[in-house]
Amino acid sequence: MERTDEDRVIYVWELPVRLTHWINVLAIGVLSATGMYIASPFLPGGAFTMRWAQAVHLVAGCVFASSVAFRLYFSLYGNRWASYRAFFPALTAEGRASMKRTLLYYLFLRRRLPGGVGHNALAAMTYTLVLALFLLEIVTGFAMLTFAWGGAWSVLFGWVFRLASPQTVHLVHYMGMWLLLAFIVHHVYSATLFDIESREGEISSIISGYKTAP
């Protein structure tokens, strides 16, 4: 897409959105690395190294949970692209039509890019599912702490084990990590694709907050 003199520079991603995005990236990286080690220890040091891995995992988990909670809170006050309303396109006919156009584009059945400055409709719906996966990881992760902490922690998260066994909760938590890593691969690919095709600053916008749109 060629840029013209009529292009507009638009402030799309506000500071809280950008901060929580990068905090989540770092937290998920640390959580994945330490989670893999906790599931299958491969470093020397035995119990000492494991304790450190668990401690780092816990701190990163608390940071991640706080970031997700703040992003949910900000969705009540952010601009139109940060608002929770943007993440339910399937509820409107226009949103469903936009999701279809985007899907056809991803399947190479449509050459023209789907319009929109913020998230495209299909991406917005996907991020809603990713948020659900975030919450599942947070709840199952904190639930597993009830064995070590008990007390009030059991009151808050003990109900999880009335729904599934400890082994199942652990498996769901572990598989959720791999689903998030798979999503990240697609997320980076699609962001790069849209950045190249649209030249609107798809990737740089999550750093600066600004996009260039016709």
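The values are calculated or read from the model by the stated rules, or taken from the named source; none is laboratory data. What you are looking at is a predicted structure, and each value in this text was computed from that prediction instead of being measured. Cβ placement follows ideal geometry from the backbone for every residue including glycine, while neighbour counts extend to all protein chains displayed. Surface areas here come from the heavy atoms of the whole protein model, side chains and all, with no ligands, DNA or RNA. Shrake-Rupley method; radii C 1.70, N 1.55, O 1.52, S 1.80 Å.
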Yes/no for Gly45 being of a type in the set (Gly, Ala, Ser) and surrounded by 13 or more Cβ atoms within 10 Å (Cβ to Cβ): no
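Of all the residues that make up the stretch 6-29, how many are open to solvent by less than 60 Å² (accessible area, probe 1.4 Å) and in a helix (DSSP H, G or I)? Walk me through how you get there before you give the answer.
Step one: list which residues in the stretch 6-29 are open to solvent by less than 60 Å² (accessible area, probe 1.4 Å), which gives 7, 10, 12-14, 16-18, 20-21, 24, 27-29.
With the extra rule that they be in a helix (DSSP H, G or I), the set shrinks to 16-18, 20-21, 24, 27-29.
Adding up the residues that qualify gives 9.
Rundown of residues vs (1) among the hydroxyl-bearing types (Ser, Thr, Tyr); (2) more than 25 Å from Ala69 (Cβ to Cβ); (3) at pLDDT below 95, yes/no style:
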position: Leu156; (1), (2), (3): no, no, yes
position: Val160; (1), (2), (3): no, no, yes
position: His187; (1), (2), (3): no, no, yes
position: Ser190; (1), (2), (3): yes, yes, yes
position: Arg199; (1), (2), (3): no, yes, yes
position: Ile203; (1), (2), (3): no, yes, yes
position: Thr212; (1), (2), (3): yes, yes, yes
Give all pairs with beta carbons closer than 6 Å in which a residue from the stretch 124-149 that is over 26 Å from Pro89 (Cβ atoms) and at pLDDT below 90 meets a residue that is hydroxyl-bearing (Ser, Thr, Tyr) and open to solvent by 30 Å² or more (accessible area, probe 1.4 Å); count only pairs at least 6 apart in sequence or on separate chains. Thr146/Ser154
Can you give me the number of residues within the stretch 88-115 that are over 21 Å from His187 (Cβ atoms) and touching a Pro at 6+ places or on another chain (Cβ under 8 Å)? 1
If I filter the stretch 126-147 for residues that are open to solvent by 50 Å² or more (accessible area, probe 1.4 Å) and more than 25 Å from the chain's Cα centre (by Cα), do I get at least one hit? yes
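Being of a type outside the set (Val, Ile, Thr), in contact with a helix residue (DSSP H, G or I) (Cβ under 6 Å, 6 or more places away or on another chain) and within 25 Å of Ser205 (Cα to Cα) is true for just one of Ala121, Ala132. Which residue is that?
Numbers: Ala132 fails: in contact with a helix residue (DSSP H, G or I) (Cβ under 6 Å, 6 or more places away or on another chain).
Just one listed residue meets the conditions, Ala121.
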I'm trying to understand the selection: among the residues of the stretch 48-87, which are over 17 Å from the mean Cα position of the chain (by Cα), under 23 Å from Val12 (Cα atoms) and not charged (D, E, K, R)? Leu76, Tyr77, Gly78, Asn79
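I'm trying to understand the selection: among the residues of the stretch 77-86, which are open to solvent by 30 Å² or more (accessible area, probe 1.4 Å) and touching a residue at least 40 places away in the same chain (Cβ under 8 Å)? Break it down into steps so the answer makes sense when it comes.
As a first pass, look at the stretch 77-86 and keep what is open to solvent by 30 Å² or more (accessible area, probe 1.4 Å): 77, 79-81, 84-86.
Asn79, Trp81, listed by residue number.
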